[in-house]
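Encoded as structure tokens, the structure appears first; notes follow it.
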Amino acid sequence: MRKARVVDIFERFERARAAIRLGDWGQIGVLVDGLEDSSSWVRGLSITTLREATRIDLGFDANADEANRRAAVQRWRDWVARRTSEGIVAARD
């Protein structure tokens, strides 16, 4: 069961990373969601991709305590919401 979860997460994040690198920002929410994953590996992969794609740093640390991570995730969600309202990022279904 755990192996299937890892493969599913890997595939989801790889699709999101590839889409963003090709200019399709519609999957950015997958990466922001990844910041809340229980695995520090998934959180690290997510933040690395977000930073590479956006060229911004909103203070997320994959190994920080939960309260600090939660605050940083909210900053990322706010950033995505602003970009969505500007038409830069498509709204999620």
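Whole-Hz ³J(HN,Hα) for each residue in the stretch 28-41, computed from phi via Karplus 6.51 cos²θ - 1.76 cosθ + 1.60 with θ = phi - 60°, x for glycine and proline: what do you get?
Those phi angles translate into 4, x, 4, 6, 5, 4, x, 5, 9, 5, 6, 8, 5, 5 Hz.
What do the square roots of 5 times the Cα gyration tensor eigenvalues come to for the stretch 18-93, in whole Å, largest first, as semi-axes of the equivalent ellipsoid?
Details: eigenvalues 81, 36, 22 Å².
Each semi-axis is the square root of five times an eigenvalue, giving 20, 13, 10 Å.
With θ set to phi - 60° and the Karplus curve 6.51 cos²θ - 1.76 cosθ + 1.60, what are the ³J(HN,Hα) couplings of the stretch 78-84 in order, to the nearest whole Hz, using x for Gly and Pro?
Whole-Hz 3J(HN,Hα) from phi for the stretch 78-84: 5, 4, 4, 4, 5, 5, 5.
Measuring with a 1.4 Å probe in the full set of protein chains, what accessible area per residue, in whole Å², belongs to the stretch 5-59?
On a per-residue basis, the stretch 5-59 sits at 52 Å².
The values are calculated or read from the model by the stated rules, or taken from the named source; none is laboratory data. Treat the numbers as computed from the prediction; the structure is a model and nothing was measured. The area values use the complete protein model at the heavy-atom level, side chains included, leaving out ligands, DNA and RNA. Shrake-Rupley method; radii C 1.70, N 1.55, O 1.52, S 1.80 Å.
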